[in-house]
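Asker: Dropping the structure in here first, questions after.
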């Protein structure tokens, strides 16, 4: 358990990557294996991972993620794992209607957490991006316009040291037995 706690403590959103150090394909495969093991409502697995490793394409995807002054560092990330929402299975879809919840968004969030923790375990930096030019990225990777691109997770060898995490105190975010 100490290893897991250390892993969670070490993981951070990295915003600077070594442009000369490509990520090994074995590491990417292990990260994706972890993502595929993420739990989902009714085991729907309502995601598709589009992995961008081609250097020229990664730079273009990174530029599309760097709109309005946000995420300028994304153009230097050697890997982009794009997560699109896929249709959930029938049981998850019906459950979502009954409970008024859109389970695929929750499920994709869980998969994203698996990805960034697996990247940290591989000695890689990562950052989850939700701000990007969705239309442009979909055009670049040939994703159908009908699909919803939810996240771009950039991965690479981080060039900056770990930062001290600033989090709310537990008593601000945790209660027991009542709200």
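Asker: Looking only at segment 102-122, how many residues end up being more than 16 Å from residue 7 (Cα to Cα) and either in contact with a helix residue (DSSP H, G or I) (Cβ under 8 Å, 6 or more places away or on another chain) or surrounded by 17 or more Cβ atoms within 10 Å (Cβ to Cβ) (or both)?
Answerer: Within segment 102-122, residues that are more than 16 Å from residue 7 (Cα to Cα) and either in contact with a helix residue (DSSP H, G or I) (Cβ under 8 Å, 6 or more places away or on another chain) or surrounded by 17 or more Cβ atoms within 10 Å (Cβ to Cβ) (or both) number 7.
Asker: Among the residues of segment 67-90 satisfying the criterion of being outside any helix (DSSP H, G or I) and out of contact with any strand residue (DSSP E or B) (no Cβ under 9 Å at 6 or more places or on another chain), which is surrounded by the most Cβ atoms within 10 Å (Cβ to Cβ)? Step through it out loud before you land on a result.
Answerer: Filtering segment 67-90 for residues outside any helix (DSSP H, G or I) gives 70-71, 77-89.
Among the residues that remain, those that are also out of contact with any strand residue (DSSP E or B) (no Cβ under 9 Å at 6 or more places or on another chain) are: 87-89.
Working: 87: 10, 88: 23, 89: 16.
Among residues in segment 67-90 that are outside any helix (DSSP H, G or I) and out of contact with any strand residue (DSSP E or B) (no Cβ under 9 Å at 6 or more places or on another chain), the one surrounded by the most Cβ atoms within 10 Å (Cβ to Cβ) is 88.
Asker: For segment 126-140, give me the residue count where each residue is in contact (Cβ under 8 Å) with a residue 40 or more places away in the chain and either surrounded by fewer than 18 Cβ atoms within 10 Å (Cβ to Cβ) or touching a helix residue (DSSP H, G or I) at 6+ places or on another chain (Cβ under 7 Å) (or both). Can you show your working first?
Answerer: Our first condition is that a residue be in contact (Cβ under 8 Å) with a residue 40 or more places away in the chain; within segment 126-140, this holds for 126-129, 131-133, 136-137, 140.
Restricting the remaining residues to those that are either surrounded by fewer than 18 Cβ atoms within 10 Å (Cβ to Cβ) or touching a helix residue (DSSP H, G or I) at 6+ places or on another chain (Cβ under 7 Å) (or both) gives 126, 128-129, 131-133, 136-137, 140.
Residues meeting the conditions: 9.
Asker: Let me confirm something: among 33, 64, which residue is modelled with pLDDT of 95 or more and either part of a loop (DSSP other than H, G, I, E, B) or touching a helix residue (DSSP H, G or I) at 6+ places or on another chain (Cβ under 7 Å) (or both)? Spell out the reasoning first.
Answerer: Values: 33 fails: either part of a loop (DSSP other than H, G, I, E, B) or touching a helix residue (DSSP H, G or I) at 6+ places or on another chain (Cβ under 7 Å) (or both).
Answer to the selection: 64.
Asker: If you go through segment 43-53, how many residues are without any contact (Cβ under 8 Å) to a residue 60 or more places away in the chain, surrounded by 13 or more Cβ atoms within 10 Å (Cβ to Cβ) and not in a strand (DSSP E or B)?
Answerer: 1
Asker: Say we look at segment 142-174 and pick out the residues that are outside any loop (DSSP other than H, G, I, E, B) and touching a helix residue (DSSP H, G or I) at 6+ places or on another chain (Cβ under 7 Å); which of these is surrounded by the most Cβ atoms within 10 Å (Cβ to Cβ)?
Answerer: So, considering only residues that are outside any loop (DSSP other than H, G, I, E, B) and touching a helix residue (DSSP H, G or I) at 6+ places or on another chain (Cβ under 7 Å), the one surrounded by the most Cβ atoms within 10 Å (Cβ to Cβ) is 154.
Asker: Residues in segment 14-30 that are within 11 Å of residue 119 (Cβ to Cβ) and not in a loop (DSSP other than H, G, I, E, B): how many?
Answerer: Our first condition is that a residue be within 11 Å of residue 119 (Cβ to Cβ); within segment 14-30, this holds for 14, 23, 27-28, 30.
The next check asks that each one be not in a loop (DSSP other than H, G, I, E, B); those that pass are 27-28, 30.
So the count comes out to 3.
The values are calculated or read from the model by the stated rules, or taken from the named source; none is laboratory data. In this text, all values refer to a predicted model and were calculated from it rather than measured experimentally. Note that each Cβ is placed from the backbone with ideal geometry, even for glycine, and that neighbours are counted across all protein chains shown.
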